[in-house]
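Report on the structure given below.
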Amino acid sequence: MQGLAAALHELSLSGQTSALASLLETLRYCLPRLKRLRLDAAPSDVFPFVPLVGPPGFNGPPAFTAGVVNGMYGLQELELPRWPGASLVGAEHVLLGLTSLTVGPEVANVEISAPLTSLQRLCVSGCHSLRIVGERLSLTNLSELRLSNVHDAYLDFRGMSALQHLAVWGSIRLQETALTSLSCLSSLSVAYDNEPARAVASNLLSAAPTTLRTLHDLGSGSLAPPSLGGMTRLIRIISKRASIIPHLAPLPQLQELGFHDLSATDLAAEHCDVLAELSSLTKLILNKPLPEGDARRRRLKVLKGILPKGCIIRQP
C-alpha cells in the first residue's frame, strides 16, 4: 500500500469514514509525489480528519488546518469543497509549494493569514465569512483571486502585490485595504443581481488602480451598471447588457467591446450614437445569434457605417 501511495500524483477523498481518515494519517508522510489533493468531507465525517482541537469553547468540528496535510511537501493544488471552516494560519512550513487553492462552495468560514509565497491562484465560493488579513500575510506570487457568493469578505491587498486578475461575483459585503495600490492589476470581473452586491461592485470600481485594462461586468436584472467615469484607461469591456453603453462615453482608449446576450438588432439608436464616438474601438463582439437573411445583412451594414472606421463586428 505504501508503495502505491508513493507513486500517487493525484488523490481525491470524499465522504470520509474514521477508517479512511486513519489511512490518510498513516500515509501522509508516504506521499512524496502527491501534487493534487481534493478533500470533500461530509459533516458527520469531518471530525476524525482533524487531529487538532478548536479554540476554547468551540463545540463543533474544528476547521481545516495545514496540519491535516502535514508531510505532503510536494503538494501544489489543494481543493476543499466541503468543510465546516478552513484556517490557514502558520501554514507556510507545510504548504511550501502550494500554487492553487480552491475552497467551497460548502465551507462556512475561511481565514488566510500565512505567508504562502508560492500560491498563484485562489478561488473561494459559497463562504459566509472570508478573511485574508494579518501582519504575516504574504501572497507575493498570487496572480488570480476569485470570490463567488462570498457573503462577508475582508481583504488586505497589501499582501498581494502581484495580483493581476480579480473576480468578485455576488458578494454582499466586502471591506478592502489598499486595492488602489495594486500596480499589477489589469483585469476586474464583477457580477451582481441585487443592490448590496451592486454596491460592492461599485466600490471596487471606484477603488481600482489606473492599471486596470479589462472589465467584465456581469450584472443582471434591471440594476444600473456602476459608474466607469474614473476608468479612462480601459481597453476591453465584456458585459451582458446594453445598459452599460451610455457609460462608455468617457473611455477614449476602449478598443474591444463584447456582449454575451446581445445581437445587432438589440442596439437602439442611442446606443449607436455612443458607439460612434468611441474612436479607438476596433472590435465589437455580439454573441447572441442573428438569423441569416436580408434583415441581418442590412442591420450589419448600417451598424458598420456607424462604428469607427476599421472596427470589426463579430456576430454569429
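Numerical summary
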{"quantity": "Probe 1.4 Å - accessible area at H216, Å² to nearest ten", "calculated": "50"}
{"quantity": "Solvent accessible area, Å² - D273, 1.4 Å probe, full protein context", "calculated": "100"}
{"quantity": "Solvent-accessible area of R198 with every protein chain in place, 1.4 Å probe, in Å² to the nearest 10", "calculated": "50"}
{"quantity": "Between the stretch 104-148 and the stretch 163-179, the alpha-carbon center distance in angstrom", "calculated": "11"}
{"quantity": "Relative contact order (percent, whole number), the stretch 224-316, Cα cutoff 8 Å, 6+ residue spacing", "calculated": "27"}
{"quantity": "Within a Gaussian network of the chain (alpha carbon springs, distance under 10 Å), most fluctuating of A295, A207, A91", "calculated": "A295"}
{"quantity": "Coil-residue GluC sites (Glu not before Pro) of the stretch 55-139, DSSP, other Cβ within 10 Å capped at 13", "calculated": "E135"}
{"quantity": "DSSP-loop trypsin sites (Lys or Arg not before Pro) across the stretch 274-311, with at most 16 other Cβ within 10 angstrom", "calculated": "K309"}
{"quantity": "Magnitude of the charge dipole, the stretch 67-185, Cβ model with Lys/Arg +1 and Asp/Glu -1, debye to 20", "calculated": "80"}
{"quantity": "Whole-number percent relative contact order across the chain, with pairs defined as alpha carbons under 8 Å at least 6 apart", "calculated": "8"}
{"quantity": "Dipole moment magnitude, nearest 20 debye, the chain about Cα centre, only Lys, Arg, Asp, Glu C-beta charged", "calculated": "1100"}
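The values are calculated or read from the model by the stated rules, or taken from the named source; none is laboratory data. Source: prediction; values computed, not measured. Neighbour counts run over all protein chains shown; Cβ positions are idealised from the backbone, glycine included. To get the accessible areas, we keep the full protein, side chains included, count just its heavy atoms, and leave off ligands, DNA and RNA. Shrake-Rupley method; radii C 1.70, N 1.55, O 1.52, S 1.80 Å.
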